[in-house]
Amino acid sequence: MTNERTGSTAPERAAGASASPDRPASGAPSGNDLTRQLVVAISAVIAVVGSFIGSGAAGGQQVQDAAGGALGADATLVAPGGGAFSIWSLIYFGLLAYAVWQFLPAQRTDERHRRLGPWVAASLLLNAAWILSIQFDLLWLSVPVIAALLVVLVVAFRIGLALRPKSMIDALVTDGTIGLYLGWVTVATIANIAAVLVAAGFDGFGLPPETWSVTLVAVAGLVGMALAVWDRGRIAPTLSLTWGLAWIAVARLTDEPSSVVTGIAAIIAVVAVLLTTVAMRIVAMRGAGWRHAAGRDPSAPSTH
């Protein structure tokens, strides 16, 4: 129906009502979109600079050597072996790829990236803040920073699940990177908390250290299994989380401090997370097949 005074149709009036200078109608670019893209790109550069500092390449100490070696592979029973940290190269590569990908014009007005952008930028800045807290020997500060980083990544991951990618490239660059990031930070958070407690002289309330290490490994495994159920078997978070757990097993079975019990617990956690992921992946694929057979679009989000 056309309005006799304005000559506009009902859909046009509805679109105009929902749009504003700050938040335009869907598909319409705004200054906020460009600002978001710039903030994500700049945050990625800051995070990469922080990674160079954390690697010791820019004059700082390597993270595992800073803060008196509190985060070294031999600092606690749940510290991953040194080789585990090579995953950061892949994560940083993915974050830089995302910074470029989201900056392309096609992503400027995409609602998915409008919602993801601020959270990804926050994760990048928190990453840099965590490295600086270690470099300045503020080990106690690293715990709230990495905890905040974990929460931010959970929110970003949730947005990625709610708003499906429009292409395989978007799925790989965006969801793959956030998933790897989340899985690794889950393990890193547990290792970080243990390191701070040990450095502070925590005696475990008199319980044997291995009781605590097995408990923390079990928590990481349960979180990994919960993630697999939540995301219906996505591969990226499982890969990085089990990578971290596997390196805890390697460190405890081949390095000091030695702990066969902790190493075996980490191996069990890896297997449990992998089996849960495979099971949920099969369930998701069968669900897609059933929806397709029923005439529904298999790419449409499930209501169950």
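The numbers here are math on the coordinates, done by the rules we state, and not lab data. Quick caveat, the model's predicted, so the values are computed rather than measured. All Cβ positions, even for glycine, are placed from backbone atoms using ideal geometry, and neighbour counts span all protein chains on display.
Per the Kirkwood treatment, what hydrodynamic radius in Å, one decimal, follows for segment 177-263 from the mean inverse distance over all distinct Cα pairs?
13.6 Å
Given a Förster radius of 22 Å and the C-beta distance between residue 215 and residue 275 as r, what FRET efficiency does 1/(1 + (r/R0)^6) yield to the nearest 0.05?
In this case the efficiency is close to 0.55.
Mind giving me the nanometre distance, one decimal, between the label points for residue 108 and residue 286, set 7 Å out from Cα along Cα→Cβ?
4.7 nm
Select from 236, 263, 284 the residue farthest towards the positive end of the dipole of segment 220-287; place +1 on Cβ of Lys and Arg, -1 on Cβ of Asp and Glu, and compute about the Cα centre.
Toward the positive end, the furthest listed residue is 284.
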